[in-house]
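Right, one structure below, let's go through it.
The values are calculated or read from the model by the stated rules, or taken from the named source; none is laboratory data. Just so it is clear, the model here is predicted, and its values are computed rather than measured. When we count neighbours, we look across all protein chains shown, and the Cβ atoms used for this are built from the backbone with ideal geometry, even at glycine.
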Amino acid sequence: MLVFDGHNDALGRLWCGSDNPVRDFAQPVGHINMPHAAAGGLGGGFFALYSPETRAPFDFDSFDGGQFDMPLPPKLDEAQALVAAIGQAGIAAQLQAAGYIDICTDAQSLARSFVSDRMACVLHLEGADCIGPDLLALDALYAMGLRSLGIVWSRPTIFGDGVPFQSGVDGDTGGGLTEDGKRLVARCAELGVMIDTSHLTMQGFWDVGAAGLPLVATHSNAYALGRNARNLTDAQLRAIAQSGGMAGLNFATVFLSDDGWRTGKAGLDDCIRQLDHMIEVAGEDHIGLGSDFDGAPMPEGIAHAGELPNLVAAMHAHGYGEALIAKLCNENWLTFLSRHLGDG
Ligand code: ZN
């Protein structure tokens, strides 16, 4: 079963931790790389450009779930964020030139690349920290292949508020889109850049819906089972379905359950429980996967992309039929994206 995945941080991992991304992407290091993708049937996904506070290697091995509640960081400097975003777009271009990925900007190339031995990459900006009020960096990134944008990561930008990593509260933690944020959303709609609401406050989420766009949360789970600000209430899941949008199951241990938040540990059964609930509320046509590979601690049994078949096996064992598994693993995302990207 081939997988199209709603979110990964492979480009950020390489930018932060590798002096030779093309060489290292061919090694079985990290969650996503060529050998793990081939072994696990990962045909493509959203690849995030992410601006960290400091450029230092990611390490989830020493992850301590108990330390996860944290205050919202301040805004990131626009120029500093731009260095990270451009650097990671450069890595994507190098991986494409090396024959590992295709940066897909239309439905035809997405469909072709997904079933090829190259990974189909939809370039995503996770947090618009690098875009100023003139929005010019958006046009530059669009020209580099960007087709998806999260208005915020879990920090504020001039466009809106992100949710903190906080348990016991839903996403109603701050304000909605600013006037600049509404202009950014309108410009994205003009260009054909999808808006991702993962990390956005609940008010921001409703503001995106009020702009008439499909509501998409590429890597967010159900709040009913994991009570933290990064997850979606049932009302949000229903709105996603009504808008013709998508929610992607986030594998991060901390978002799967309240226990996962406390301990930093989770298993495949937690993933299945989340899928059951998300499907029950949003319907089976609006749910996909959004792993957060290379961006978060992973559950037992699905430590990296090479272990994706374990999740598929757990779906089978739980009684999901072949048609439903295909929808969850790739069809729903590919249907949504082929409509979104169109002829390019
Ligand atoms: Zn994220």
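A few remarks follow.
- Close contacts from region 224-242, counting a first residue that is within 19 Å of Leu72 (Cα to Cα) and a second that is assigned to a helix (DSSP H, G or I) and of a type in the set (D, E, K, R), with Cβ to Cβ under 7 Å and a gap of 6+ residues or different chains, come to Arg227/Asp258.
- Just one of (1) touching a residue at least 40 places away in the same chain (Cβ under 8 Å); (2) closer than 22 Å to Ser51 by Cα; (3) crowded, with 24+ Cβ neighbours inside 10 Å fails for Arg187. It is (3).
- Within region 20-39, the residues that satisfy the criterion of being part of a loop (DSSP other than H, G, I, E, B) and without any contact (Cβ under 8 Å) to a residue 12 or more places away in the chain are Asn20, Gln27, Val29.
- The residue of region 214-228 that is nearest to the ligand (Cβ to nearest atom), among those that are in a loop (DSSP other than H, G, I, E, B) and buried (at least 24 other Cβ atoms within 10 Å of the Cβ), is His219.
- For region 180-207, a tally of residues being in a helix (DSSP H, G or I) and more than 16 Å from the ligand (Cβ to nearest atom) returns 16.
- Residues (among the charged types (D, E, K, R) and within 20 Å of Lys75 (Cβ to Cβ)) located in region 109-163: Glu126, Asp129, Asp134, Arg155, Asp161
- Scope region 292-330; condition crowded, with 17+ Cβ neighbours inside 10 Å and among the charged types (D, E, K, R); matching residues: Asp292, Asp294, Glu307, Lys327
- Here is the figure for region 64-84: residues that are within 16 Å of the ligand (Cβ to nearest atom) and surrounded by fewer than 16 Cβ atoms within 10 Å (Cβ to Cβ) total 2.
- Here the strands (runs of 3 or more DSSP E) wholly within region 85-179 that include at least 2 residues being within 16 Å of the ligand (Cβ to nearest atom) are 119-126, 146-150.
- Any pair with Cβ under 7 angstrom, 6 or more apart, that starts in region 43-58 at a residue that is more than 29 Å from Trp333 (Cβ to Cβ) and touching a residue at least 40 places away in the same chain (Cβ under 8 Å) and ends at one that is hydrophobic (A, V, I, L, M, F, W, C) and away from the ligand (no atom under 13 Å from the Cβ): Arg55/Cys16; Ala56/Cys16; Pro57/Cys16
- Residue selected from region 25-58 under the condition surrounded by fewer than 23 Cβ atoms within 10 Å (Cβ to Cβ) and within 14 Å of the ligand (Cβ to nearest atom), by the criterion modelled with the lowest pLDDT: Phe58
- Matching entry among Ala296, Ala303, Ala266 (being within 16 Å of the ligand (Cβ to nearest atom), of a type in the set (A, V, I, L, M), more than 29 Å from Glu190 (Cα to Cα) and not in a helix (DSSP H, G or I)): Ala296
- Any chance His199 is at positive phi and either touching a helix residue (DSSP H, G or I) at 6+ places or on another chain (Cβ under 7 Å) or in contact (Cβ under 8 Å) with a residue 60 or more places away in the chain (or both): yes
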